[in-house]
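Each remark here refers to the structure printed beneath this line.
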Amino acid sequence: MMKRSLTSFSTIARKEMTRIFRIWMQTLVPPVIMISLYFIIFGGFIGSQLSDISGYSYMAFIAPGLIMMSIITNSYSNTVSSFFSTKFQRNIEELLVSPTPNWVIVLGYISGGMTRGISIGILVSIVSLVFIRLPFFNIFYIVLFAFLTSFVFSLAGMINGIFAKKFDDISIIPTFVITPLTYLGGVFYSISLLPEFWQTLSKANPIVYMISGFRYGFLGISDINIWTGIGMLILFSVLLFSLTLYLLKKGIGIRT
Amino acid sequence: MFALSISNLHKTYKSGLKALSGVTLNVQDGEFFGLLGPNGAGKTTIIGIITSLVTKTEGTVNIFGMDIDKNFSSAKRLIGVVPQEYNFSIFEKVQDIVIQQAGYYGISRKEAVKSSEKYLKKLSLWDKRNVAARELSGGMKRRLMIARGLVHEPKLLILDEPTAGVDVELRRGMWDFLEELNRNGRTIILTTHYLEEAEQLCNKIAIITKGKIVENTSKREMLRKLDKETFLCDTKEVVTVLAPLENVTFSLVDEKTIEFTKNKSQSINRIFEHLNGQSIIVDSMRNKTNRLEELFIKMVK
């Protein structure tokens, strides 16, 4: 049983990865170009005019945030677009008629989102080396935050894909929820620089914890308690994984 | 042993549409079973429930004695399905589609490659194995779905209008292939709009209309229910006048074609004797209409 599930998982994962690398001009190149522009414009042109934050240059401060931003958006967009197009073309039925358990379907699609998110995170990190020599304060936190954040946003993308009925539906959440929360999540500034009210409000934004924790891995500075961040990510992982399983079991958006 | 046993199946969609109203159906292991019905009768809903694409409102479905709710995994492994509409990724290569399907059934890649080769060759798609599915013709796409439905060697194959939109030659080829599968012990359930297809292939036939089974019997028994038959005869010489015969209706389609309708209980020899008596020589004879079609129209009215 477990061996069969493993074969099903590797089949979905292989399909997802083939897709990511087959259309690399759509999946891998644009985010790298976009983040490079952020480095040049915000880090280089504007950042050179700004004072240091917590003892680091502005470029060094925003680099982990930009890497995390690319992990978040790409993990999400990969699962939402892949799962929705599978639904749209109706080849989701290939999986639904098979004995593949729901948890294998979820992990298979998540593996695709994480592969793309982490791959782009690595590519953007390499690009950042052109602009700045980033310190590595603690690699454990870098890997842990990247892994858990990618997992959470891959799941969120899949949930969006499950509910989506038309192509417009897969861009609403990224445009109106994820992008604002990411920009307000401390990519470009430390929330400690905000007035107290906005600091408190920012702490209700889960992306603040992801970016701060990831930045801590590089620079050793954080706006939040690291373990609170890890705890939140684990909680989100469990909640969203359970919700995705529940939606698949109920057949929401995939069975009539 | 029943390959498929459906009991008291109901389905009401969220829209309120009642698609099935207490369908009970048994298909014996090894049968070639035809499920016929007009559009919207509930055929595809039944297949959807068996393959878990549609959630049932009430009822039970057993595959080779296994309840699909209780033995989800084992029961599904025994079913292969060929849907009515194309449902594969058009961007993927033909062989990849078939191999992936095997993978979803837990078949190792090595075995899946072998099995995909076997069925792609049988269905004359081997030359197209590296072609993206979108480049296939309509008939090839249908064959691809059959190969995909068979790659995990199911004991029960369900085909939902597999020959819709397929040309005559290809349809005949598919019939031969399906008959061979059935001869080799596979149970086949077929829904079709082509009643000629059901008459040719199936040994048992059920007719469904408005979500209810209105007939479920052997093909032989069903055809026996027809009380009249119409034949067309091609004659050697030109015929201008035909003498009447009791309980038989004659008409001339053209100068060398006679049409007659007789009661099923009547001997056809009597009609030939009658034609011989008028020095009319018949070269060939055929059924005018599909026999099953007549019965079907009566039943679904």
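Miscellaneous remarks
- Segment A:141-188: number of residues that are surrounded by fewer than 19 Cβ atoms within 10 Å (Cβ to Cβ), hydroxyl-bearing (Ser, Thr, Tyr) and under 28 Å from residue A:225 (Cα atoms): 2
- Flag for residue B:36 being at pLDDT below 90 and more than 10 Å from every other protein chain (Cβ to nearest Cβ): yes
- Test: residue in segment A:43-53 that is within 14 Å of another protein chain (Cβ to nearest Cβ) and assigned to a helix (DSSP H, G or I): no
For (1) touching an Asp or Glu at 6+ places or on another chain (Cβ under 7 Å); (2) within 15 Å of residue A:189 (Cβ to Cβ); (3) at pLDDT 90 or above, each residue gets a yes or a no:
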| site | (1), (2), (3) |
| --- | --- |
| A:37 | no, no, no |
| A:48 | no, no, no |
| A:57 | no, yes, no |
| A:73 | no, no, yes |
| A:89 | no, no, no |
| A:116 | no, no, yes |
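- Looking across B:88, B:32, one residue alone is assigned by TED's automatic domain parsing to the domain that holds residue B:9, over 20 Å from residue A:256 (Cα atoms) and in contact with a helix residue (DSSP H, G or I) (Cβ under 6 Å, 6 or more places away or on another chain). It is B:32.
- When each of B:139, B:48 is tested for being closer than 28 Å to residue B:9 by Cα, assigned to a helix (DSSP H, G or I) and either small (Gly, Ala, Ser) or under 21 Å from the mean Cα position of the chain (by Cα) (or both), the lone residue that passes is B:48.
- Within segment A:39-90, the set of residues being within 30 Å of residue B:47 (Cβ to Cβ), surrounded by 22 or more Cβ atoms within 10 Å (Cβ to Cβ) and not hydroxyl-bearing (Ser, Thr, Tyr) comprises A:80, A:83, A:84.
- Against the numbered list (1) among the hydrophobic types (A, V, I, L, M, F, W, C); (2) within 13 Å of chain B (Cβ to nearest Cβ); (3) in contact (Cβ under 8 Å) with a residue 40 or more places away in the chain, residue A:97 comes up short only at (3).
- Residue in segment A:2-10 that is within 14 Å of another protein chain (Cβ to nearest Cβ), surrounded by fewer than 16 Cβ atoms within 10 Å (Cβ to Cβ) and modelled with pLDDT under 85 present: yes
- Qualifying residue in segment B:172-181 (condition: in a loop (DSSP other than H, G, I, E, B) and either touching a helix residue (DSSP H, G or I) at 6+ places or on another chain (Cβ under 9 Å) or not β-branched (Val, Ile, Thr) (or both)): no
- Condition check for residue A:24 on (1) away from chain B (no Cβ under 14 Å); (2) among the hydrophobic types (A, V, I, L, M, F, W, C); (3) under 24 Å from residue B:52 (Cβ atoms): one failure, at (3).
- Residue that is surrounded by the fewest Cβ atoms within 10 Å (Cβ to Cβ), among those in segment B:234-263 that are hydrophobic (A, V, I, L, M, F, W, C) and in contact with an Asp or Glu (Cβ under 8 Å, 6 or more places away or on another chain): B:238
Results for (1) touching a residue at least 24 places away in the same chain (Cβ under 8 Å); (2) in a helix (DSSP H, G or I); (3) within 22 Å of the chain's Cα centre (by Cα), shown as yes or no for each residue.
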{"residue": "A:33", "(1), (2), (3)": "no, yes, yes"}
{"residue": "A:41", "(1), (2), (3)": "no, yes, no"}
{"residue": "A:67", "(1), (2), (3)": "yes, yes, yes"}
{"residue": "A:74", "(1), (2), (3)": "yes, yes, yes"}
{"residue": "A:81", "(1), (2), (3)": "yes, yes, yes"}
{"residue": "A:105", "(1), (2), (3)": "yes, yes, yes"}
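- For residue B:144: the one exception among (1) out of contact with any Lys or Arg (no Cβ under 7 Å at 6 or more places or on another chain); (2) part of a helix (DSSP H, G or I); (3) closer than 27 Å to residue B:3 by Cα; (4) within 10 Å of chain A (Cβ to nearest Cβ): (4)
The values are calculated or read from the model by the stated rules, or taken from the named source; none is laboratory data. Keep in mind the model is a prediction, meaning the values are calculated, not measured. Every residue, glycine as well, gets a Cβ built from its backbone with ideal geometry; the counts of neighbours run over all protein chains shown.
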